[in-house]
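Reviewing the structure listed below.
Values in this text are rule-based calculations from the coordinates and carry no lab data. As the structure is a computational prediction, the values presented were derived from the model and not from experiment. Methodologically, a virtual Cβ is constructed for each residue, glycine included, from the backbone with ideal geometry; neighbour enumeration extends over all protein chains shown.
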């Protein structure tokens, strides 16, 4: 009976991860980070826009004109550096003495080369 004393024989010889696998994992992590860096600002800006519209909607009284409301919204957009949404994207309704602001817009940002990320938002 022969006993194999070679520690590098059989399955014990194959350990660890290859350099190609490390490179592939780093590429996948880098791509995920790139997508995250492109998507997160879109959602942060949307959260800022919703916050502005909710605040204006709650603090505006029924006697304010459309021009006054637009001026208030535009001032807040300028402070928060909102560039994606314009006042034309905001619809205003008056119901039972309340002002209701609705927003539908699309944000398109470059990802890589000729590929873009498109996000559609709707705030009723």
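Brief remarks follow.
- Helix axis angle, 19-59 relative to the chain longest principal axis, alpha carbon, degrees: 20
- Each of 81, 105, 43 was scored by other Cβ atoms within 10 Å of its Cβ. Arranged with the fewest first, they read 81, 43, 105.
- 17 Å reach of a label modelled at residue 74, 7 Å along Cα-to-Cβ, counting backbone N of region 88-113: 88-92
- Helix 66-79 and the longest principal axis of the Cα set of the chain meet at an angle near 30°.
- Residues of region 47-88 with amide N under 16 Å of a point placed 7 Å along Cα→Cβ from residue 100: 54, 57-58, 62
- Here the Gaussian network model covers the chain, with springs between Cα atoms less than 10 Å apart; of 113, 97, 36, 113 fluctuates the most.
- Highest-fluctuation residue, 53, 24, 34 considered, GNM on the chain with Cα pairs under 10 Å: 24
- Highest mobility in the GNM of the chain, judged by mean-square fluctuation with C-alpha springs under 10 Å and restricted to 22, 84, 50, is found for 22.
- Relative contact order (%) - criterion: Cα under 8 Å, at least six apart; region: the chain: 19
- Residues 95, 45, sorted so that the one with the fewest Cβ neighbours within 10 Å comes first: 95, 45
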